[in-house]
Amino acid sequence: MSNKNETKKITSIGGSALIEGIMMRGPKKNTVAVRTADGGIYTEDINMKFLSQSSKFWRLPLIRGVSGMIDSMRLSYKSLMISADKAMEGAEEEETSKDKKKKDSKKAEKAPEVKEEKTEENKEDKENEKESSGVLMKILMVVSSLIGVGLAILLFFFLPTWLFGLLGMAFPVLAKGGEGIAFWQSVIEGILKIVIFISYILIISMTPDMKRVFQYHGAEHKTIFCYENELELTPENVMKMKRFHPRCGTSFILLMLLVGIIIGLFIPKGMFLRPLIKILLLPLTMGIGYELIKFCGRHDNKLTRIIAAPGLWAQRVTTKEPDEKMCEIAIAAIEAVIPDDGSDIVKNGCC
């Protein structure tokens with residue numbers, strides 16, 4: 001292939017990276033593929049009713065951006081729970097194997113009947129422990145999600161406004177207001193949000209676990225590009241593809257931040273009033289951002305490249321080059337959701 005940026009078709013299939021796995025979402029199926037402790041691949045379909053399937057209202061322009069975000073969050077949560085469960089199983093199996101080796105000599109000294117009785121007791125204890133761990137994991141996921149939402153509101157809505165207030169103390173012209181101040185406040189707050197977002201991603205990307213998640217993110221993108229180029233889905237072909245995709249969630253977030261700058265031009269000043277109004281207008285921001293990324297996904301021209309450019313640049317942080325084992329996971333996930341009737345194809349001969 002002479003140009004890795006060209007594709008022969010555009011698919012509606014998308015996905016997300018998980019803990020040692022990938023979720024792919026197709027028009028008829030949603031499948032999670034995860035690497036197991038023994039080196040195999042575990043796949044599981046997720047059955048759920050999306051808002052877009054319940055009513056035409058949720059498919060209206062702008063509204064579909066909100067429903068799409070809600071559906072994606074629900075699906076991502078269920079997918080993450082599956083991958084987390086498998087990760088815990090792998091850790092438990094490894095721990096059990098170590099414990100077994102340590103106790104083998106002691107068990108050999110015990111009577112056979114006692115050994116059998118203890119084995120049954122151990123099985124029951126392990127089942128109870130596994131059930132308790134599952135409940136605890138769900139509680140931790142809910143708590144962490146709530147903390148994450150609260151932190152996002154603080155960082156992206158209140159902190160930029162507060163920082164702009166500090167700038168007003170250093171530069172009195174900003175505090176007094178006047179002609180053009182609304183524009184500069186919105187622009188400065190928008191830039192601060194982007195800086196906060198990129199900084200956060202850079203910091204977490206330094207941890208080994210998140211680096212692997214970002215590698216799986218890259219594998220997801222590469223596999224979708226391989227499919228859109230109508231190449232055989234093999235690790236070798238997938239590895240040749242680029243890892244930056246215009247319909248990525250990272251692009252969507254960046255577009256929302258940029259759209260927020262424009263919307264911010266019409267919001268009055270105020271340390272608490274301004275952030276609260278921005279939160280209330282978040283559905284509008286989501287709706288516009290979704291329509292823009294959908295437009296970029298269906299067309300390839302100078303305008304769409306300009307719109308998609310910030311998100312593609314940010315993907316240099318949120319995606320990393322995967323290895324072939326990770327690509328195998330992505331292939332297993334996408335092959336499970338590709339429909340036989342071609343209903344996932346948005347456009348043929350796109351380039």
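We did not get these values from a lab; they are worked out from the coordinates using the rules stated. Keep in mind the model is a prediction, meaning the values are calculated, not measured. Because the Cβ atoms are built from the backbone with ideal geometry, glycine has one as well, and the counts that use them run over all protein chains shown.
Could you compute the FRET efficiency for residue 140 and residue 173, with r as their C-beta to C-beta distance and R0 at 41 Å, rounded to 0.05? Intermediate values should be presented prior to the final figure.
Working: r = 48 Å, r/R0 = 1.17.
Efficiency at R0 = 41 Å is approximately 0.30.
For a label point 7 Å from the Cα of residue 89 along Cα→C-beta, name the residues of segment 15-29 whose backbone N is under 18 Å from it.
Zone members listed by number: 18-24.
How much length is gained on full extension from residue 203 to residue 236, taking 0.36 nm per residue of separation minus their Cα-Cα distance? Present the calculation step by step, with values, prior to reporting the outcome.
Working: separation 33, 0.36 × 33 = 11.88 nm, distance 3.09 nm.
Stretched out fully, the residue 203 to residue 236 stretch lengthens by 8.8 nm.
For segment 16-67, what relative contact order do you get, as a whole percent, if you take Cα pairs closer than 8 Å and at least 6 residues apart? Write out the running numbers ahead of the final one.
Numbers: 57 pairs, mean separation 10.5, N = 52.
After rounding, I find 20 percent.
Quick one: which of 212-222, 309-319 comes out on top by average Cβ neighbours within 10 Å, and what's the full order, highest first? All intermediate terms of the calculation are to be shown ahead of the outcome.
Numbers: 212-222: 24.8, 309-319: 19.2.
The most tightly packed comes first, giving 212-222, 309-319.
By average Cβ neighbour count within 10 Å, what is the ranking of 296-306, 322-332 from highest down? Kindly include the intermediate steps, with their values, before the conclusion.
Numbers: 296-306: 14.4, 322-332: 22.4.
Ranking, from highest mean packing down: 322-332, 296-306.
Which order do peptides 271-282, 71-82 fall in by mean Cβ count within 10 Å, highest first? Please list the in-between numbers first.
Numbers: 271-282: 15.1, 71-82: 17.4.
Packing proxy ranking, top to bottom: 71-82, 271-282.
Full-extension gain between residue 182 and residue 269, please, as 0.36 nm times their residue separation minus the C-alpha to C-alpha distance. Could you put the intermediate results ahead of the total?
Values: separation 87, 0.36 × 87 = 31.32 nm, distance 0.80 nm.
Taking residue 182 through residue 269 to full extension adds about 30.5 nm, to one decimal.
Give, in nm to one decimal, the length gained when the segment between residue 155 and residue 36 is fully stretched (0.36 nm per residue of separation minus the Cα-Cα distance).
39.2 nm
Measure up 269/302; 49/347; 29/240; 29/325; 302/325; 138/240 against 30 Å on the Cα-Cα distance and list the ones that go over.
Working: 269/302 35 Å; 49/347 26 Å; 29/240 27 Å; 29/325 23 Å; 302/325 36 Å; 138/240 38 Å.
Exceeds cut-off: 269/302; 302/325; 138/240.
Under the classification rounded if a/c is under 1.5, otherwise prolate if a/b is larger than b/c and oblate if not, where does segment 19-84 fall, given a ≥ b ≥ c as square roots of the Cα gyration tensor eigenvalues?
Prolate shape, in that a/c is at least 1.5 and a/b is the bigger ratio.
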